[in-house]
Amino acid sequence: MSRRFKRLGIMLLVISMMLAACSGGTKEENATAGTAGASTEGAASTAEETATESGTKVVKDQFGEVTIPTHPQNLVVFDSIYAEYLIEMGVTPQIVLLTPEVEAEYRPDYLKEHGVQIIEVEQYQYNYEQLLALSPDMILAAGEGMEQGVYDELSKIAPTVALDANSEMKRAMPKLAAIFDKTEESAKVLAEFDEKASQAKEKIAAALGEKTVLVLRVEHNRYRFMGPKGGSSSVFFYDILGLNSPDAIKDSTDWFSQFSLEFLPEMNPDYIFLEDRTLVGYDTKKSMEDLKASQVWSNLEAVKNDHVFPLKTSQFVSGVGPIGSVKLMDYVVEKLVP
């Protein structure tokens, strides 16, 4: 009997050890799953993340909290500029929606080179059936300017992050980095850009001194100037590159303000970047002809000195990523620095 009990005890001990080993392996696997989507240390409060054991995490966007996949497999990005930010940080989306007529010239080829599928869409339109057919597991778009109703419809198709930002690189990129755990990569990209911008700013300052620069937009039925304190593109021209605006508009906080041609002599800039506004269904031909035929235009210092340079809408509206901003920067330096 004692030998039977002894054998039974040994068997129980072996079984116990086997169960303990299996239990330990399960805990390790669970721990790995639970930390796979851990949030970036120091992430912005607008993109706080909480990893879960199911491979999802919770982020905050323009409209509140949304649960998204930790590693989306079919990410649809609405803004091509956001796609550029992601790619430069090491995150490649699967699909990008863009409108060819207003897209930065370089970006379609750039996206294709990185294996991104491009879906052409109409400007300012949302085709929910088309989106549903793409079967996204996550949708990413800019939240500023998006209506709650649109967000609700998109959220029915897939978890949607409406980033609480516009397209401005230094606002949007860190928030995207926090969501995708790429804060270090984002900081590196921005630092490299800052270095190039600093060099460009020094060249422009040395060449122009106190001379002024106006960004003038020609539309189909009006003219508008860019305010130096208007945010977004204004930051690029008047802050990052340090251009001096005409005194008459130095305190303007509007991105673009309408004006009559009679106001041009009051601004009388030394240099003009002239945008022929590109918009689907837009025709600016007559407005441009009227501008160039006017006496006030021909009397401007910039016009008399042949210091008027064309500017494409896509260059500073959609082409403002790490790639596009450097291209635009190089163009401005080329025109302003002898």
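The values are calculated or read from the model by the stated rules, or taken from the named source; none is laboratory data. Owing to the predicted nature of the structure, the values given are computational and were not obtained by experimental measurement. Glycine gets a Cβ as well: all are built from the backbone with ideal geometry, and neighbour counts include every protein chain shown. Remember, those area values only see protein heavy atoms, side chains included, never the ligands or the DNA or RNA. Shrake-Rupley method; radii C 1.70, N 1.55, O 1.52, S 1.80 Å.
Hey, does region 129-137 have a residue that's part of a loop (DSSP other than H, G, I, E, B) and touching a helix residue (DSSP H, G or I) at 6+ places or on another chain (Cβ under 8 Å)?
From region 129-137, those part of a loop (DSSP other than H, G, I, E, B) are 134-137; that's our starting set.
Right, trim to touching a helix residue (DSSP H, G or I) at 6+ places or on another chain (Cβ under 8 Å) and you get 136.
Yes, some residue in region 129-137 is part of a loop (DSSP other than H, G, I, E, B) and touching a helix residue (DSSP H, G or I) at 6+ places or on another chain (Cβ under 8 Å).
For residue 104, are the conditions met, namely being part of a loop (DSSP other than H, G, I, E, B) and open to solvent by less than 40 Å² (accessible area, probe 1.4 Å)? Here the answer is yes, as residue 104 does meet what is asked.
Quick one: how many residues across region 237-258 are of a type in the set (Phe, Trp, Tyr) and closer than 14 Å to residue 213 by Cα? Adding up the residues that qualify gives 2.
Within region 91-115, being under 16 Å from the mean Cα position of the chain (by Cα) and over 23 Å from residue 328 (Cα atoms) holds for 91, 92, 93, 95. Of 279, 311, all but one fail to be of a type outside the set (Val, Ile, Thr) and touching a strand residue (DSSP E or B) at 6+ places or on another chain (Cβ under 9 Å); the exception is 311. Applying the selection to region 198-216, what residues are in a loop (DSSP other than H, G, I, E, B) and either open to solvent by less than 60 Å² (accessible area, probe 1.4 Å) or among the basic types (Lys, Arg) (or both)? The answer is 209, 211.
Would you check if there is a residue in region 178-189 being within 16 Å of residue 77 (Cα to Cα), out of contact with any His (no Cβ under 8 Å at 6 or more places or on another chain) and among the aromatic types (Phe, Trp, Tyr)? Within region 178-189 (the criterion being within 16 Å of residue 77 (Cα to Cα), out of contact with any His (no Cβ under 8 Å at 6 or more places or on another chain) and among the aromatic types (Phe, Trp, Tyr)), the answer is yes, since at least one residue qualifies. You will find that of 87, 119, the residue that is farther than 23 Å from residue 190 by Cα, open to solvent by less than 40 Å² (accessible area, probe 1.4 Å) and modelled with pLDDT of 95 or more is 119 and no other. In region 231-244, the qualifying residues are those that are of a type in the set (Gly, Ala, Ser) and open to solvent by 20 Å² or more (accessible area, probe 1.4 Å), and the one that is farthest from the chain's Cα centre (by Cα) is 242. Across region 122-138, the number of residues qualifying as open to solvent by 30 Å² or more (accessible area, probe 1.4 Å) and without any contact (Cβ under 8 Å) to a residue 60 or more places away in the chain comes to 9.
Helices (runs of 4 or more DSSP H) fully within region 233-338 that include at least 1 residues being touching a residue at least 40 places away in the same chain (Cβ under 8 Å) and over 27 Å from residue 203 (Cα atoms): 285-293.
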